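The next block holds one structure in the form of structure tokens; read it before the comments.
The values are calculated or read from the model by the stated rules, or taken from the named source; none is laboratory data. Since this is a predicted model, take the numbers as computed values, not measurements. Cβ atoms come from the backbone with ideal geometry, glycine included; neighbour counts cover every protein chain shown. Each accessible area value is taken on the protein alone, full model and side chains, heavy atoms only, with ligands, DNA and RNA left out. Shrake-Rupley method; radii C 1.70, N 1.55, O 1.52, S 1.80 Å.
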Amino acid sequence: MKKKSRKIRLSQCMIVKNEEKNIRRALSWGRGIVCEQIVVDTGSTDRTVEIAREMGAKVYHFKWCDDFSAAKNYAIEQASGDWIAFLDADEYFDEKSASKLIPMIAAAEDVSSAGRQINAVRSRLVNLNEKAVVGVVGQQDRVFRNKLELRYANRIHEVLRLSGSQHYEYFDASKELMILHTGYTAETYGETGKLERNISMLKKELEDDSQNIEILAYLGDAYMAEEKFDEAKEYFHKAVSYGTENKDHGDNVKLHILRSITLLLVLYARESDPAHEEMIRELHRQYREIYSGYPDGDCYFGVWLYQNKKYEEGRKYLESALDKMKRYKGNVPLYMQANLKLIYAQLADCCRHMGKEQETVRNCVLSLGVDKYYTEPLIMLLGLLKKEETEAESAAGTWQLLSKLYDLATLKDQMAVLKGAKLTGFKALEQKVYDAMPEDRRRAVQEALEKKVEEMRAREKSTEKAD
């Protein structure tokens, strides 16, 4: 007789403060899936508590003490489920992931029954910007067993810690489960003052341990988000320096050193100063020593090389990063994933400078596959495909290629291609765009373009007179 599986009871927990904009969505994904919803309020002055109660959540109050772990652990203590899903109010499982959540926990239970005690189910965490475009992608353990030995640690940037001698094990469901996070947008920071709060709390932690690599790295993050890049570099350099002085670190600290190196490469790539070359190469060497399988180290080293016109070497490392990204299974967030259109475009330009036409075309197409309205790779692509001696023929082939990337019956896509054709002087392609338009649209577009050209010429004459 087949053994009947035990019903999985999952509690949803969160701590909140002034989250009336997010609380409905935060509670909606779990309805019908979880056995209870625990909301711990840390001092809201808006309608957060009222809305949470309206939606059927159990609301508790916790006096804020500058300690996120203390508040989260209090929420866990109120939960009766065997498993807990702990997401912030600005995070939620997408609908597809939510439907897979209980089956993934059941799979983790099966692994535990076979002898390997699973403590958490790992999910993919995707950060979204103001336009809901994917940014940094990482992995998080937000679904875990409700057991006394498993609690959060650290006042800020809290992590799950397992007390005692038991080894922490997780079930990797990062391909099946995706958490969407909207809390790192500029608007959110401006409204909530999160950055100032985080910096203050981190500096307080640093008073007790001035060489704490994890805290130094998080301070670098906070200053980077505030666009105070000099301060960010200062703290990232300190984290790397202390990490280099003493190499006897656990895996968690090594990951923070790796992240600090990567973000230094990101920041120095913004400046692309050739005077930094020796330091950049040393940072890249240190990255390879810690974890050469992490794609971002090669990526932003390649970006710096490209921006300093070292095209052959830049191509080598950008290709290496893209190849590593396909195989990457680590839990350090990937920053390059938010910049793929730019990386493919820079790789295309490296190939163009090296005279590798086919590879240039391929990488332009890959860049446009990420964002078809990105002008730079389109101009590069059309510049290569346009053949002066057989322009009509090359326009036909180009149109066929572009039809795989664009919906050439819609105005927006027609205008994108038309802009590229005009900027590259690809007149035969320009005509094909006009031929695809209804007559009334064609006349309106031509008149609008003529008006823009007249305005540009008027501005140029005005500038000449001023000079």
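For the reader, a short list of remarks on this structure follows.
- Residue count, segment 45-66 (criterion: open to solvent by less than 30 Å² (accessible area, probe 1.4 Å) and among the small types (Gly, Ala, Ser)): 2
- Residue match in segment 349-361 (condition: surrounded by 21 or more Cβ atoms within 10 Å (Cβ to Cβ), of a type in the set (S, T, N, Q) and under 25 Å from GLY293 (Cα atoms)): no
- Every residue from segment 421-436 that is touching a Phe, Trp or Tyr at 6+ places or on another chain (Cβ under 8 Å) and not charged (D, E, K, R): LEU429
- Leading residue by the ranking (surrounded by the fewest Cβ atoms within 10 Å (Cβ to Cβ)) among those in segment 141-155 that are in contact (Cβ under 8 Å) with a residue 60 or more places away in the chain and either assigned to a strand (DSSP E or B) or of a type in the set (Gly, Ala, Ser) (or both): ALA153
- Residue check for ALA120: in contact with a Phe, Trp or Tyr (Cβ under 6 Å, 6 or more places away or on another chain), aliphatic (A, V, I, L, M) and buried (at least 19 other Cβ atoms within 10 Å of the Cβ): yes
- Those residues of segment 235-266 which are among the aromatic types (Phe, Trp, Tyr) and open to solvent by less than 20 Å² (accessible area, probe 1.4 Å), in sequence order: PHE236
- Helices (runs of 4 or more DSSP H) fully within segment 371-467 that include at least 1 residues being open to solvent by 30 Å² or more (accessible area, probe 1.4 Å), without any contact (Cβ under 8 Å) to a residue 24 or more places away in the chain and under 22 Å from GLU357 (Cβ atoms): 391-402.
- Some residue of segment 339-353 being modelled with pLDDT of 95 or more, touching a Leu at 6+ places or on another chain (Cβ under 8 Å), part of a helix (DSSP H, G or I) and of a type in the set (Asp, Glu): no
- Taken over segment 159-183, the criterion of being open to solvent by 40 Å² or more (accessible area, probe 1.4 Å) and either within 21 Å of LEU27 (Cβ to Cβ) or acidic (Asp, Glu) (or both) is satisfied by GLU169, ASP172, GLU176, MET178.
- Residues of segment 18-44 satisfying the condition of being farther than 15 Å from ASP90 by Cβ, open to solvent by 30 Å² or more (accessible area, probe 1.4 Å) and not β-branched (Val, Ile, Thr): ARG31, GLY32, CYS35, GLY43
For (1) modelled with pLDDT under 95; (2) over 25 Å from the mean Cα position of the chain (by Cα), each residue gets a yes or a no:
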{"residue": "ARG6", "(1), (2)": "yes, yes"}
{"residue": "ARG9", "(1), (2)": "no, yes"}
{"residue": "ARG24", "(1), (2)": "no, no"}
{"residue": "TRP29", "(1), (2)": "no, no"}
{"residue": "VAL34", "(1), (2)": "no, yes"}
{"residue": "GLN37", "(1), (2)": "no, yes"}
{"residue": "ASP46", "(1), (2)": "no, yes"}
{"residue": "VAL49", "(1), (2)": "no, yes"}
{"residue": "ARG53", "(1), (2)": "no, yes"}
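- Among the residues listed as HIS284, HIS276, HIS237, the single one being at negative phi, out of contact with any helix residue (DSSP H, G or I) (no Cβ under 6 Å at 6 or more places or on another chain) and at pLDDT 95 or above: HIS237
- Every test in (1) out of contact with any Leu (no Cβ under 9 Å at 6 or more places or on another chain); (2) modelled with pLDDT of 95 or more; (3) not aliphatic (A, V, I, L, M) is passed by LYS412 save one, and that test is (2).
- Tally of residues being open to solvent by less than 60 Å² (accessible area, probe 1.4 Å) and among the small types (Gly, Ala, Ser) across segment 272-291: 1
- Residue pairs meeting the criteria (Cβ under 6 Å; at least 6 apart or on separate chains; first over 21 Å from GLU158 (Cβ atoms), in segment 11-28; second open to solvent by 80 Å² or more (accessible area, probe 1.4 Å)): GLU20/ARG47
- Qualifying residue in segment 89-105 (condition: open to solvent by less than 20 Å² (accessible area, probe 1.4 Å) and in contact with a His (Cβ under 7 Å, 6 or more places away or on another chain)): yes
- Positions within segment 130-140 being of a type outside the set (A, V, I, L, M, F, W, C), outside any loop (DSSP other than H, G, I, E, B) and either open to solvent by less than 20 Å² (accessible area, probe 1.4 Å) or in contact with a helix residue (DSSP H, G or I) (Cβ under 9 Å, 6 or more places away or on another chain) (or both), in sequence order: GLY135, GLY138
- Exactly one residue among ALA269, ALA217, ALA232 is surrounded by 14 or more Cβ atoms within 10 Å (Cβ to Cβ), over 17 Å from the mean Cα position of the chain (by Cα), farther than 22 Å from GLU158 by Cα and not polar (S, T, N, Q), and that residue is ALA269.
- Long-range neighbours under 6 Å by Cβ, at least six apart or interchain, first residue under 20 Å from ILE156 (Cα atoms) within segment 170-194, second at pLDDT 60 or above and open to solvent by 30 Å² or more (accessible area, probe 1.4 Å): THR185/ASN129; THR185/GLU130
- Hits in segment 30-70 - residues which are of a type in the set (Lys, Arg), out of contact with any Gly (no Cβ under 9 Å at 6 or more places or on another chain) and farther than 27 Å from ILE8 by Cα: ARG47
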